[in-house]
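The structure appears right after this line, and notes come after that.
The values are calculated or read from the model by the stated rules, or taken from the named source; none is laboratory data. What you see is a predicted model; the values in this text were computed from it and never measured. A quick note on method: Cβ atoms are made from the backbone with ideal geometry, for glycine too, and the neighbour counts reach across all protein chains shown. Accessible surface areas use protein heavy atoms only, side chains included; no ligands, DNA or RNA. Shrake-Rupley method; radii C 1.70, N 1.55, O 1.52, S 1.80 Å.
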Amino acid sequence: MNQDRILITGASGQLGTVLTKKLQEKYGVINVIASDLRLDSNFKGIFETLDATDFDAIQEIVSKYKITQIYHLAAILSANGEKYPLNTWDINMKTFFNVLEISRLNAINRVFFPSSIAVFGDNIDRIDTAQYSNLTPSTVYGMSKVTGENWSKYYFEKYGLDIRSIRYPGVIGYQSLPGGGTTDYAVDIFIKAIKNENYECFLNSSTTLPMIYMDDVIRATIELMEAPKEAITVRTSYNLAGMSFDPAQLTKAIQKIYPDFKVSYNPDFRQKIADSWPMSIDDSYARKDWNWKPKFDIDAMTRDMVKNLKIKFSDKSMSC
Ligand code: SER
């Protein structure tokens, strides 16, 4: 079998930064091509500046490196997306259609498309939200993900494109900062705690949301991408669960390490988005099809975040 060569779009983002490193370890640095609008200053490896709305620019990279797999992470997230709805739709869909078409035309053998808990909205059971629930999202970001899921299934059924997808919960990690999401508070809060500052949360204290630790989400992504094709029964996007908690519970977990840490609450427009999302996720299809099992609960995640952020902050300051 020929060596896979992977293109990652959105490689400088919260998830892309970490996923790129993991894929470099697995596939070799020369076989992973990271791309984004901007280069992360700490990046090591092969990087191409890429605006993924530009079809020809993606095609050029795919030809130049003989790409066989694409992880398409570039997107505008839920909260930022609401500031410029039409622009968000244009960017999220244009980049995705470019990736779909280029994958079809170049016989790319595997594609990853991240979806999100943002696909859910009205008329769902918000506890243990089922795989096949109503998909009536409250944000443009969520609408772009629902549409993307359906197009993924269409390209699989019509063209045999092996595209796989996960509905990511809020992702928490120390390596990189999220940008413009509704679940970002769960990273911001740690940065304040480490700096011995108080935190003002933009969601109210009892807003329970599905979250996942970075180690788990990277492992889930790679496990899904490496699963045998026959095992994949969901061709839209898999529900995935890590843990669920609200800001008050996360504050308590942090206070086990920083007893004086204080959080105040000042909900903004993101509260309404969060209220439309599930509180917890039923991920039985992922568990059954590719043996998914998370390792981190809220306390294990909190200990690991604090330990690693302390190291990071003693090294150099992380911008936020
Ligand atoms: N973390 C994302 C957001 O808040 C959800 O996919 O937008």
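Only residues that are part of a helix (DSSP H, G or I), of a type in the set (Gly, Ala, Ser) and over 18 Å from the mean Cα position of the chain (by Cα): list them for segment 246-302, please. Can you show your working first?
Residues of segment 246-302 part of a helix (DSSP H, G or I): 247-255, 270-275, 284-290, 298-302.
Filter once more, so that each one left must be of a type in the set (Gly, Ala, Ser): 248, 253, 274, 284, 286, 300.
Scanning segment 246-302 gives 248, 253, 284, 300.
Scan 202, 190 and give me the residue that is within 23 Å of residue 272 (Cβ to Cβ) and among the aromatic types (Phe, Trp, Tyr). Walk me through it before giving the result.
On the way: 190 fails: within 23 Å of residue 272 (Cβ to Cβ).
Criteria check complete, one pass: 202.
Among what's in segment 130-149 and is among the β-branched types (Val, Ile, Thr) and away from the ligand (no atom under 14 Å from the Cβ), pick the residue that is least open to solvent (accessible area, probe 1.4 Å).
Taking segment 130-149 as the starting set, the residues that turn out to be among the β-branched types (Val, Ile, Thr) are 136, 139-140, 146-147.
Among the residues that remain, those that are also away from the ligand (no atom under 14 Å from the Cβ) are: 136, 147.
Working: 136: 66, 147: 39 Å².
Filtering segment 130-149 for residues that are among the β-branched types (Val, Ile, Thr) and away from the ligand (no atom under 14 Å from the Cβ), the one least open to solvent (accessible area, probe 1.4 Å) comes out as 147.
Just checking: which of the helices (runs of 4 or more DSSP H) contained wholly in segment 18-125 hold 3 or more residues that are over 25 Å from residue 223 (Cα atoms) and open to solvent by 10 Å² or more (accessible area, probe 1.4 Å)? First the steps, then the outcome.
Numbers: elements: 55-65, 78-81, 85-105.
Correct list: 55-65, 85-105.
Please state which of the following conditions residue 12 fails to meet, knowing it meets all the rest: (1) part of a helix (DSSP H, G or I); (2) surrounded by 15 or more Cβ atoms within 10 Å (Cβ to Cβ).
(1)
Go through (1) within 16 Å of the ligand (Cβ to nearest atom); (2) closer than 30 Å to residue 71 by Cβ; (3) open to solvent by less than 50 Å² (accessible area, probe 1.4 Å) one by one and return the number of the condition residue 201 breaks.
With respect to (1) within 16 Å of the ligand (Cβ to nearest atom); (2) closer than 30 Å to residue 71 by Cβ; (3) open to solvent by less than 50 Å² (accessible area, probe 1.4 Å), residue 201 is out only on (2).
Provide a single number: the residues in segment 20-41 that are over 18 Å from the mean Cα position of the chain (by Cα) and under 15 Å from residue 10 (Cα atoms).
Taking segment 20-41 as the starting set, the residues that turn out to be over 18 Å from the mean Cα position of the chain (by Cα) are 24-33, 38-39, 41.
Applying the additional criterion that residues be under 15 Å from residue 10 (Cα atoms) yields 32-33, 38-39, 41.
Of the residues in segment 20-41, 5 are over 18 Å from the mean Cα position of the chain (by Cα) and under 15 Å from residue 10 (Cα atoms).
Pick out the one residue from 197, 223 that is outside any strand (DSSP E or B) and free of Cβ contacts under 8 Å to residues at least 40 places away in the same chain.
Working: 223 fails: free of Cβ contacts under 8 Å to residues at least 40 places away in the same chain.
Only one candidate passes the filter, namely 197.
Answer yes if at least one residue in segment 174-183 is under 30 Å from residue 230 (Cα atoms), within 16 Å of the chain's Cα centre (by Cα) and touching a residue at least 24 places away in the same chain (Cβ under 8 Å), and no otherwise. Walk me through it before giving the result.
Here is the first cut: in segment 174-183, the residues under 30 Å from residue 230 (Cα atoms) are none.
Checking segment 174-183: not a single residue is under 30 Å from residue 230 (Cα atoms), within 16 Å of the chain's Cα centre (by Cα) and touching a residue at least 24 places away in the same chain (Cβ under 8 Å).
So which of 236, 221 is closer than 19 Å to residue 110 by Cβ, β-branched (Val, Ile, Thr), at pLDDT 95 or above and open to solvent by 10 Å² or more (accessible area, probe 1.4 Å)?
Checking each option against the conditions leaves just 236.
Which of the residues belonging to segment 247-263 are open to solvent by 60 Å² or more (accessible area, probe 1.4 Å) and either within 16 Å of the ligand (Cβ to nearest atom) or of a type outside the set (Asp, Glu) (or both)?
Keep residues of segment 247-263 that are open to solvent by 60 Å² or more (accessible area, probe 1.4 Å), which gives 249, 252, 255-257, 259-260, 262.
249, 252, 255, 256, 257, 259, 262, listed by residue number.
Please count how many residues of segment 65-104 are among the β-branched types (Val, Ile, Thr) and under 18 Å from the mean Cα position of the chain (by Cα).
Looking only at that region, the number is 6.
Among (1) closer than 30 Å to residue 198 by Cβ; (2) of a type in the set (A, V, I, L, M); (3) more than 16 Å from the ligand (Cβ to nearest atom), which single condition is residue 79 missing?
So residue 79 meets the others, but not (3).
Within segment 188-197, can you find the residues that are within 16 Å of the ligand (Cβ to nearest atom) and not charged (D, E, K, R)?
Let us first name the residues in segment 188-197 that are within 16 Å of the ligand (Cβ to nearest atom), namely 188-190.
The answer is 189, 190.
Among the residues of segment 150-187, write down those that are over 30 Å from residue 302 (Cβ atoms), part of a helix (DSSP H, G or I) and either within 13 Å of the ligand (Cβ to nearest atom) or open to solvent by 10 Å² or more (accessible area, probe 1.4 Å) (or both).
Across segment 150-187, the qualifying residues are 150, 151, 153, 154, 155, 156, 157, 158, 159.
Looking at residue 103, is it at pLDDT 95 or above, within 18 Å of residue 240 (Cβ to Cβ) and touching a helix residue (DSSP H, G or I) at 6+ places or on another chain (Cβ under 8 Å)?
Values: at pLDDT 95 or above: yes; within 18 Å of residue 240 (Cβ to Cβ): no; touching a helix residue (DSSP H, G or I) at 6+ places or on another chain (Cβ under 8 Å): yes.
It is false that residue 103 is at pLDDT 95 or above, within 18 Å of residue 240 (Cβ to Cβ) and touching a helix residue (DSSP H, G or I) at 6+ places or on another chain (Cβ under 8 Å).
Just the residues that are among the charged types (D, E, K, R) and touching a residue at least 24 places away in the same chain (Cβ under 8 Å), please, taken from segment 146-173. Spell out how you get there, then give the answer.
Here is the first cut: in segment 146-173, the residues among the charged types (D, E, K, R) are 149, 153, 157-158, 162, 164, 167.
Passing the criteria: 149, 153, 157, 162, 164, 167.
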